[in-house]
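A short worksheet on the structure shown next.
A short reminder: the numbers here are calculations on the coordinates, not readings from a lab. Note that the structure is predicted; figures quoted are calculated from it, not measured. Backbone-built Cβ (ideal geometry, glycine too); neighbour counts: all protein chains shown.
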Amino acid sequence: MRIFIGLDDHNAVNRGDIRMQDHKKIRPRIYSRSSRRTSTGMNIWYWFAAAVFWTAVWQASYMVIHNDLLLASPLQVLGSLAILGRQPGFWFSVLYSILRIESGYFLGVLAGTLLAVLTVRFVWVYRFLYPVISAIRSTPVASFIILALVWMSSGRVVIFIVFLMVMPVIWANVAEGIRKIDPLLHEMAFVFRLTRSQTLRFIDIPSVSPFFVAAATTGLGLAWKAGIAAEVLSTPRNSLGGLLYEAKIYLETPDLLAHTAVIILLSLLLEKLLVSVLALAGKYFHSHGRSEVTANIAVREKVPEAGKKEGGTV
Amino acid sequence: MSIVFDHLSMRYDEQPVISDLSLELPEKGIIGFFGPSGCGKTTFLHLAAGLIRPDSGVIRGLEELRIGVVFQEDRLLPWLTAAENLDLIIHDRNVTAGWLGKVHLSGQADYYPSELSGGMKRRIALVRALAFDSDLLLLDEPFQGLDQSLKNLFSGWIREASAFKPVLLVSHDWAEIEDLSDRIYKVEGPPMTAERIK
């Protein structure tokens, strides 16, 4: 079983880890090794060329502006990064920022998923929550941060704000995914007497997974944007947002850009990690889903792999 | 014990689809329902499968029956391969592999439904229903997309199954119905009426 996920991760598709949401006929096994290598190689060259081009644009802009306060050069930023990397305080800030933002993110994912199940199952829960969640979605994040600063400590503000930004995205997408589960497949499950857990594993989770994955990755990007904004305004101890704020106060433009680069890098790395974890989860469902049906028999009777041989006995 | 449909009535959007229909099915054999599209045959089959309830009337003899169904649509799980779709119902990889071989799909065992042709998917849907340990078989236009040799192949297995259980065959193709059925009802509607003609 493959869990379809709605990501534009071509490498993952080529590896066969995930399938595109639009159900295009991408069959990883039919790619030859050489064609896969060429495709990945081409991607790396495109990335490299793009990076070189935009760095050149950056350097040219620096030379035209010619004011270190307004724009630092790529080399100055690299120098700042090298200095930051040697400071334990910087790494503490990275660690605590990750902890705060990811805590809010996971709480948001958990609450959003639970609320999605509840709102689809019970119409009154949907009617009760819809105005609140709609209000949260349309309220500027800065308003919430300032309000939250009145209510709680600066560290908790970040977790709370990230939670508020992520939860509605997960809720809306997962609820949509649940609503779009094909009722005809549920009828099939009913007549062929699939158990509740089989129905969940083989119909519900694969149906909702593209919506969940799309929301989870979008939510992660939002979490970092809102989380850092909250850190800048609330300046908790050991925070990347706090360091950004300090760099702005002291007009340390290279530091400001270096911290921004670190934030972008962290956000991208964690998104990649999330995609990998979700692809692993897809494989988990594959092996465990199938083994639930056949493993006991297969182990007991040493049944060979199905579908690997032509024909067979009935 | 035979299955009895007693004064069934059913409405969709205030339109009567089945009106006061009474039928008694034999304990075995193929019972064909022949009629044009939209006359209520599929609704009748869904009632027999327990997927919908009649507005009035009762169905007796279906309680606790295991029912194998070939739906009008194939209803395969798109994220499972052909073999996995069958494994889910058959619970035995050897049997699955055997069935795939018999319907000439061994080479497509690891294909996903989106990678199979319409006829291939239909074969998987038919195998799923035939291989399911059932007391009643419901077939809704089962041969669509199949060539004559495959129709003959499946017809033989359906005949074999009908020696032990009732098989309800619904089709708008008279040749299919006439060729296979031990008892034939001509269906008209809506609202659906069924007149026994064989």
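Label residue A:225 and residue B:178 with points 7 Å out from Cα along Cα→Cβ: what is the distance between them in nm?
For residue A:225 paired with residue B:178, the spin-label model returns 6.8 nm.
Based on the Cβ-Cβ distance from residue A:249 to residue A:64, what FRET efficiency comes out when R0 is 30 Å, to the nearest 0.05?
For residue A:249 and residue A:64, the calculated efficiency is 0.65.
Extension gain residue B:9-residue B:56, at 0.36 nm per residue separation less the Cα-Cα distance, in nm?
16.4 nm
How are the alpha carbon pair distances in the protein assembly as shown distributed across 20 Å bins from zero to the largest one, expressed in percent?
Final binned percentages: 18, 39, 27, 14, 2.
Can you tell me the relative contact order of the stretch B:131-198? Whole percent, Cα pairs under 8 Å, sequence separation 6 or more.
Once divided by the residue count of the stretch B:131-198, the mean separation gives 29 percent.
Using the scaling law 2.2 N^0.38 Å as the reference, what is the normalised Cα Rg of the stretch B:77-131? Provide the component values of the computation, followed by the final result.
Working: Rg = 9.5 Å, N = 55, 2.2 N^0.38 = 10.1 Å.
That works out to 0.94 for the stretch B:77-131.
Of B:179, B:13, B:74, which is the most mobile in a GNM of chain B whose springs link Cα atoms less than 10 angstrom apart?
Of B:179, B:13, B:74, the Gaussian network model singles out B:13 as fluctuating most.
Could you tell me which trypsin sites (Lys or Arg not before Pro) in the stretch A:144-210 are loop residues by DSSP with no more than 14 other beta carbons within 10 angstrom of their beta carbon?
Values: sites: A:156, A:179, A:180, A:193, A:196, A:201; in loops: A:180, A:193.
Taking the stretch A:144-210 and a limit of 14 other Cβ atoms within 10 Å, the loop trypsin sites (Lys or Arg not before Pro) found are A:180, A:193.
Around residue B:42, with a cut-off of 11 angstrom between Cβ atoms, what is the net charge of the other residues, counting Lys and Arg +1 and Asp and Glu -1?
-2
Grab the other residues whose beta carbon is less than 9 angstrom from that of residue B:170, score K and R as +1, D and E as -1, and report the net. Show your work: numbers first, answer last.
On the way: positive: B:41; negative: B:140, B:141.
Charge balance in the 9 Å sphere: -1.
Mind scanning A:225/A:248; B:121/B:186; B:121/B:198; B:28/B:186; A:248/A:272 and naming the pairs with a C-alpha gap bigger than 25 Å?
Exceeds cut-off: B:121/B:186; B:121/B:198; A:248/A:272.
Any idea what the relative contact order of the stretch B:77-131 is, in percent, if you count C-alpha pairs under 8 Å spaced at least 6 apart? List each step's numbers first, then the result.
Working: 46 pairs, mean separation 25.4, N = 55.
For the stretch B:77-131, the relative contact order is 46 percent.
Could you identify which residue out of B:166, B:142, B:26 has the top mean-square fluctuation in a GNM of chain B using Cα springs shorter than 10 Å?
Among B:166, B:142, B:26, the largest GNM mean-square fluctuation belongs to B:26.
How much length is gained if the chain between residue B:73 and residue B:37 is pulled fully straight, taking 0.36 nm per residue apart and subtracting their Cα-Cα distance, in nm to one decimal?
Residue separation times 0.36 nm, minus the Cα-Cα distance, leaves 11.5 nm.
Find how much the distance from residue A:260 to residue A:46 grows on full extension, using 0.36 nm per residue of separation minus their present alpha carbon separation; answer in nm with one decimal.
The residue A:260-residue A:46 span can extend by a further 74.7 nm.
Can you give the local net charge around residue A:72? Use residues other than it whose beta-carbon is closer than 14 angstrom to its beta-carbon, Lys and Arg +1, Asp and Glu -1. Mind dumping the intermediate values first?
Values: positive: A:248; negative: A:68, A:252, A:255.
Residues close to residue A:72 contribute a combined charge of -2.
Neighbouring Cβ atoms within 10 Å as the yardstick, rank B:178, A:187, B:64 fewest first.
B:64, B:178, A:187
Taking 25 Å as R0, compute the FRET efficiency from the Cβ-Cβ separation of residue A:156 and residue A:129 and round it to 0.05.
Numbers: r = 23 Å, r/R0 = 0.91.
That gives a FRET efficiency of 0.65.
Report, by chain and number, residues whose modeled amide H sits under 5 Å from the one on residue B:70, excluding near sequence neighbours (fewer than 5 apart, same chain).
Those lying under 5 Å, H to H, from residue B:70 are B:138, B:139, B:140.
When only C-alpha pairs under 8 Å and at least 6 residues apart count, what is the relative contact order of the stretch A:173-283, in percent?
It comes to 22 percent, rounded to a whole number.
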